[in-house]
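The values are calculated or read from the model by the stated rules, or taken from the named source; none is laboratory data. Everything numeric in this text was worked out from a predicted model, so none of it was measured. A quick note on method: Cβ atoms are made from the backbone with ideal geometry, for glycine too, and the neighbour counts reach across all protein chains shown.
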Amino acid sequence: MNILEKVLSTHTFARRIAIFLSIIILGWIDLATGFEYAFSVFYLVPVSIAAWYDSVKSSVATIIISGLTWLYADFSAGHYYSTPFAPFWNGCVRLGFFSIVALLLIKVRKNLAALTMMAMQDTLTSLNNVRAFNFEYQLLHKISLRKGMQFAVGMIDLDGFKAVNDQLGHSAGDDVLVKFAQVLKQSSRSSDILARMGGDEFVVILLDTDQAGAEEYSRKLREMFFNSGLKQEYGIDFSMGIRIFNSLPKDCEDATHQADQLMYQAKALGKSQTTICFA
């Protein structure tokens, strides 16, 4: 069942072939069983697949094709109606029924996606939260095993953040976190993984990055941080530790712990700097 769901959700061509074939098979069975047996409810199978896994246009097309297939099977089975208008009325009713089910499924899917996004997102900074980071890490671990790609895991801790909370209040602290998250986003590639681990601690995974790439990332991040005005306005800076892996450790905590140790080395050396090392 999991394999089928994976195919339907990730392979557009296979999904649409499955929708088309299911309509053909259902139409053939509908025709073979004759008009005495109600069969229209089974057309909800392809309609539901399209509504849940595919686009709105695909859902509309599936609804129309399913309705026309039922109408053709009904006519071909020799169903007699007292008025010529009756079968077309029944066809429109079935189209309405299919449409309502599809609309409800699309609405549920969107709400579920929104709830999933909320559950995987830090509410303050809109970065990934710990749960989302762990999920992304496991995906990257599989990629690292398959492709032998280098990754850099960086842990970041803000220097002087506690003083901001103590002297200016938590609203100012929240403002710092939000602005720093924006700096992180602007400094990173779309393929990089960013997350807030809690408090004023952040993590980044740089894909396909070596020593030179990690150094360039650190330089760019510090330049954009300086240009953001956070240091001038709040008197904060950040310490960062970056551990470069030829292949990611299986355990996410192992990777972040190694980067965390390097970050504390940076703090011990005077803060406001980056320590980079190979695993």
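A quick yes/no check of all residues on (1) in a loop (DSSP other than H, G, I, E, B); (2) not assigned by TED's automatic domain parsing to the domain that holds Y43:
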| position | (1), (2) |
| --- | --- |
| Y81 | yes, no |
| N90 | no, no |
| I106 | no, no |
| E136 | no, yes |
| L140 | no, yes |
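Go through the range 141-181 residue by residue and tally those that are without any contact (Cβ under 8 Å) to a residue 24 or more places away in the chain, within 23 Å of T209 (Cβ to Cβ) and not aliphatic (A, V, I, L, M).
3
Pick from I64, I49: which is under 21 Å from K6 (Cβ atoms) and hydrophobic (A, V, I, L, M, F, W, C)?
Answer to the selection: I49.
Hand me the list of strands (runs of 3 or more DSSP E) wholly inside the range 172-279 holding 1 or more residues that are out of contact with any strand residue (DSSP E or B) (no Cβ under 7 Å at 6 or more places or on another chain).
193-198
Report yes if M224 is aliphatic (A, V, I, L, M) and at pLDDT below 95, otherwise no.
Criteria not met by M224.
Applying the selection to the range 1-49, what residues are in a loop (DSSP other than H, G, I, E, B) and either under 33 Å from the mean Cα position of the chain (by Cα) or of a type in the set (V, I, T) (or both)?
The answer is M1, H11.
Six or more apart or on different chains, Cβ atoms under 8 Å: show the pairs whose first residue is in the range 62-83 and on the phi > 0 side of the Ramachandran plot and whose second is assigned to a loop (DSSP other than H, G, I, E, B).
From the range 62-83, the pairs are G78/G34; G78/F35.
Provide a single number: the residues in the range 145-161 that are surrounded by 19 or more Cβ atoms within 10 Å (Cβ to Cβ) and over 23 Å from Q273 (Cβ atoms).
Residues meeting the conditions: 0.
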